[in-house]
Amino acid sequence: MPDVRFEQIVKTYGRVTVLKNLDLAIGDGEFVVLLGPSGCGKTTLLNLLAGLIDVSSGRISIGARDVTDLDPKDRGLAMVFQSYALYPTKTVRGNLKFGLSSFKLDREEQERRIAWAAKLLQIEPLLDRKPSQLSGGQRQRVAIGRALVKQVGVFLFDEPLSNLDAKLRTETRLEIKRLHDETRSTVVYVTHDQIEAMTMATRIAVMNAGVIQQFGTPDEVYDRPANLFVAGFIGAPPMNLIDATVTGGGMKAKVGADGGEVDLGRYPFETRPRDGDAVVLGLRPEHFSTDGTLNGAGAARFSLPVQYTEKTGADATTYLKTGDRLLAVSLSPERVGRLKAGEAFEVSFPHDKLHVFDAGSGQRL
Amino acid sequence: MSTIVERSLAVAGAAEEPAAFPRRKKGISARSVVILLFLTMCALFFCVPLYVVVVTSLKSMDQIRQGDIFALPWSLNFDAWVTAWDKSCAGTLCQGVKVGFLNSIEILFPSLILSIGLSCVTGYGLALWNVKWANSFLFILFMCAFVPFQIIMIPLILITGFFKIYGSVLGIAVVHAILSMPILTLIFRNYYKDVPQEIMSAAMMDSGKFWKIFFEIILPMSGNIMIVVLIMQITSIWNDFLIGLTYGGIGTQPMTVILANVVISGMGEVRYNVDMAAALLTAIPPLVIYFVLGRFFVQGITAGAIKG
């Protein structure tokens, strides 16, 4: 299974630059998710790899081959599209067969591959139906099947789950993960859904404004966000980002005018800020200690009035008022039920979960 | 109690509008009378002459001489139809309009294949492939649609003469194809523009071959527009007079030209019943096409409007 490398990719449309000097190396057999808000260039990057659009400059290679100027069919890729893009006038079998049309295979081999893919995806009973006679989930399977029959080394997925309902999405997510485990192929998967990214990826490339903000495993991206964008983008509810000023010889951060102090003494700085530097503190809602066990041992301790609360079934969030902004804190639904608006609520935050970013550059410190 | 109040509030909010504006009962209003009157007049413009043509074709010459063109025929008499079809004279040749009918059929098929085939592939290429200068090309084509045929008639005669196809069925078909190219290409191009981009992308990744994608994916998706174009082309080719007259040689003149000859040539009295029957015979084929394919025609015209 081949690796995929992007080198110094630039893509411009007229005067608009969509991708700026982008480098990305995807290892053999990896499941890489390109994650970012809409318009960040992730689909453009995928289409460049597929050959559906041409690079303005730069080099794309798959394995040892430079594919920058090759036609899509010659790149040894298979792609699954957001809208499935099944051929409406062909049966499922015809769709799968057309997927093989750039390969010179004899009839027997074609039939063998179609049967293999149909069995793997459990679409055997559907082979003689037209796409219009299939449900959304079935169409998605056929679209994946059309990619699978090619038995190529690299699979591309362009938001394949966004047209499915929540239940089907979870099922298909597992299915794609399973297929990746079985075929051991390299996968490049585009999505704006961080749950998909966190559950499926071996590595995530978080993109914004045509630039890869961070490229790392789901754990790295979650535990050590490289900058403010990644910190704010990954996680639900999103990380609390609080402006603060460094004091006490770089050992403390003062929050607002009266918001108290956060102890930075045990924070593993890469570059230690000086007194008076503006920083942004990142505190994930789910890392707050609310049961008092941490007591004075945490990096910070707040006692703030409850503004309002939110329940989402298994989880709940309460929003505490601090100055003119809100601090989200995750709680168990039972405890949230007992909270009253306006009541002061005491929370602490542990040292090892704290994130500190430079306010100017947005980079992690 | 509170839930009931809430619900009734919600319902009241939703029901307010229909209550204030009840559905208007169907009846005759001044507006519909005007519309009906107008439509009736429009229909009469076509129906009255058609009625005269039909009854005249069924009358005997004796009755026609009496001059009452609106009268019903005394007896149903298809002699004129038989004569028109089989024995009426176009110039010196007295074999009826059936000669023209066969010629028209002979002209129709190559013209259809050539004109639709060419414009369909051109439209597909312009809409779905990256063609350099595609938009400029489309613009020029669009301008060509406004060039009157009469302007390029004589140059085309010279050109077809140069290629040794002047006066042949092929020559007529080529001229039909050239003249219908601009508008048909635009129609196909606009239709294919609505093919979802991702289907084309998938096809590019699966096959990437111009003709294979065309024949296996795109052509089977063009049923609706094909019907529309087919009806348009059959009608215009069948009803064409000028191209047939200008480019048709002896033995390749279409039915319309033969009809004209039947009507203008002849000795003695003008046999109105035969002329009318010949005209009706010439007009029947496009009518049949309309009745058979008309249903699809409407579907095809609206097909591009709403994406499925």
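All of the numbers you see were taken from the coordinates with simple rules; none came from a lab. Worth saying up front: this structure is predicted, and the values here are computed from it rather than measured. Counting neighbours? That spans all protein chains shown, and the Cβs are built from the backbone with ideal geometry, glycine included.
Going by Cα centres, region A:278-328 and region A:129-160 are how many Å apart?
Result: 44 Å between the Cα centres.
Just flag the GluC sites (Glu not before Pro) in region A:255-331 sitting in loop per DSSP whose Cβ has no more than 16 other Cβ atoms within 10 Å. Could the numbers behind the result be given before it?
Working: sites: A:E261, A:E270, A:E286, A:E310; in loops: A:E270.
Within region A:255-331, the qualifying GluC sites (Glu not before Pro) (loop, at most 16 other Cβ atoms within 10 Å) are A:E270.
Provide a whole-number value for the mean count of partner chain Cβ atoms within 10 Å of the Cβ atoms in peptide B:205-215.
Counting other chains' Cβ atoms within 10 Å and averaging over B:205-215 gives 5.
Between beta-carbons, use under 11 Å as the cut-off and find the net charge around B:K209, counting Lys and Arg +1, Asp and Glu -1.
Net charge around B:K209: -1.
Convert each backbone phi in region A:49-64 into a coupling constant with the Karplus relation 6.51 cos²θ - 1.76 cosθ + 1.60 (shift: θ = phi - 60°), then list the ³J(HN,Hα) values in order as whole Hz, x for Gly and Pro.
Ordered by residue, 3J(HN,Hα) equals 5, 6, x, 6, 10, 9, 6, 7, 7, x, 9, 10, 10, 10, x, 8 Hz.
Which loop trypsin sites (Lys or Arg not before Pro) in region A:4-90, with loop taken from DSSP, have no more than 14 other Cβ atoms within 10 angstrom of their Cβ?
On the way: sites: A:R5, A:K11, A:R15, A:K20, A:K42, A:R59, A:R65, A:K73, A:R75, A:K90; in loops: A:R15, A:R75, A:K90.
Passing sites in region A:4-90 are A:R15.
Give the range of the longest stretch in chain B that excludes all trypsin sites (Lys or Arg not before Pro) found in loop regions by DSSP and having at most 16 other beta-carbon atoms within 10 Å. Don't skip to the end; give the middle numbers.
Working: sites that count: B:R23, B:R24, B:K25, B:K26, B:K87, B:K132, B:K164, B:K209, B:K307.
Of all site-free stretches, the longest is B:210-306.
Averaging sequence separations of C-alpha pairs under 8 Å and six or more residues apart, then dividing by the length of region A:240-358, give the relative contact order as a whole percent.
30
Taking N as the number of residues in region B:28-77, what is its Cα Rg relative to 2.2 N^0.38 Å? Walk me through the numbers before you get to the answer.
Details: Rg = 15.8 Å, N = 50, 2.2 N^0.38 = 9.7 Å.
In units of the 2.2 N^0.38 Å rule of thumb, it is 1.62.
Add +1 for every Lys or Arg and -1 for every Asp or Glu among the other residues with Cβ under 15 Å from the Cβ of B:T122, and state the total. Can you show the working numbers first?
Details: positive: B:K132, B:R189, B:K193; negative: none.
Result for the neighbourhood of B:T122: +3.
Other chains near A:84-94: what is the mean number of their Cβ atoms within 10 Å of each residue's Cβ?
4
At a 10 angstrom cut-off on C-beta neighbours, averaged per residue, how do the peptides A:108-115, B:233-240 rank from highest to lowest? Each step should come with its number before you reach the end.
Numbers: A:108-115: 15.6, B:233-240: 19.4.
Those peptides, ordered most packed to least, come out B:233-240, A:108-115.
In region B:41-128, which chymotrypsin sites (Phe, Trp or Tyr not before Pro) fall in coil by DSSP and have 13 or fewer other Cβ atoms within 10 Å?
B:F70, B:W74, B:F78
Quick one: give the max-minus-min coordinate of the C-alpha atoms of region A:87-198 along each principal axis, largest first, in Å.
Extents along the principal axes: 42, 31, 20 Å.
What share of Cα pairs, in percent, lie more than 40 angstrom apart in chain A?
Numbers: 18929 of 66430 pairs.
Tail of the P(r) past 40 Å holds 28 percent of the pairs.
Long-range amide H contacts for A:Q213: which residues qualify at under 5 Å (H placed 1.01 Å from N, peptide plane, sequence gap of 5 or more or a different chain)?
Counting only residues 5 or more places away or on other chains, the set is A:V206, A:M207, A:N208.
Given A:K97/A:K167; A:K73/B:K193; A:K119/A:K177; A:K167/B:K193; A:K20/A:K97; A:K97/B:K132, which pairs have Cα atoms separated by over 28 Å?
Details: A:K97/A:K167 30 Å; A:K73/B:K193 22 Å; A:K119/A:K177 17 Å; A:K167/B:K193 34 Å; A:K20/A:K97 38 Å; A:K97/B:K132 32 Å.
Beyond 28 Å between Cα atoms: A:K97/A:K167; A:K167/B:K193; A:K20/A:K97; A:K97/B:K132.
Please list 3J(HN,Hα) in residue order for region B:191-208, calculated via the Karplus relation 6.51 cos²θ - 1.76 cosθ + 1.60 where θ = phi - 60°; whole Hz, with x for glycine and proline.
5, 6, 4, 7, 5, x, 4, 5, 5, 5, 4, 4, 5, 5, 6, 6, 10, x
Mind grabbing the base-10 log of I(q)/I(0) for the protein assembly as shown at q = 0.06, 0.08, 0.09 Å⁻¹? Debye formula, identical points on the C-alpha positions, no solvent, two decimal places.
Computed log10 I(q)/I(0) values: -0.61, -0.87, -0.98.
Once you have the alpha carbon radius of gyration of region B:98-303, what is it after dividing by 2.2 N^0.38 Å, with N set to its residue count? Let's see the in-between values first.
Details: Rg = 19.6 Å, N = 206, 2.2 N^0.38 = 16.7 Å.
Output field value: 1.18.
Quick one: work out Rg over Rh on the C-alpha atoms of region A:27-136, Rh as Kirkwood radius.
Checking Rg against Rh, the ratio lands at 1.01.
Taking every DSSP beta bridge that has both residues in the protein assembly as shown, what percent is antiparallel when rounded to the nearest 5?
Antiparallel bridges: around 75 percent, rounded to the nearest 5.
Please report how far the C-alpha centroid of region B:124-179 lies from that of region A:68-93, rounded to the nearest whole angstrom.
Going from one Cα centre to the other spans 35 Å.
Over region A:4-233, what is the relative contact order in whole percent, taking alpha-carbon pairs under 8 Å and six or more residues apart?
Numbers: 399 pairs, mean separation 65.1, N = 230.
Computed over region A:4-233, the figure is 28 percent.
If you plug each phi of region A:80-85 into the Karplus form 6.51 cos²θ - 1.76 cosθ + 1.60 with θ = phi - 60°, what whole-Hz ³J(HN,Hα) values come out, in order, with x for Gly and Pro?
Computed from phi, the couplings for region A:80-85 are 10, 9, 4, 8, 6, 6 Hz.
Please compute, for peptide A:72-78, the average count of beta-carbon atoms on other protein chains lying within 10 Å of each residue's beta-carbon.
Across the residues of A:72-78, the mean count of other-chain Cβ atoms within 10 Å is 3.
What are the residues whose amide H is under 5 Å from the amide H of A:K252, where those residues sit 5 or more places off or on another chain and H is modelled from the backbone?
Long-range HN contacts for A:K252: A:T247, A:L264.
Could I get the Rg over Rh figure for region A:240-358? Both from C-alpha atoms, Rh via Kirkwood, rounded to two places.
Ratio of gyration radius to Kirkwood radius: 0.98.
Relative to 2.2 N^0.38 Å, what does the C-alpha radius of gyration of region B:95-170 come to as a ratio? Two decimals please.
So region B:95-170 has a normalised radius of gyration of 1.45.
Which far-off residues, 5 or more places away or on another chain, put their amide H under 5 Å from the one on A:A25, with H placed in the peptide plane?
A:F6
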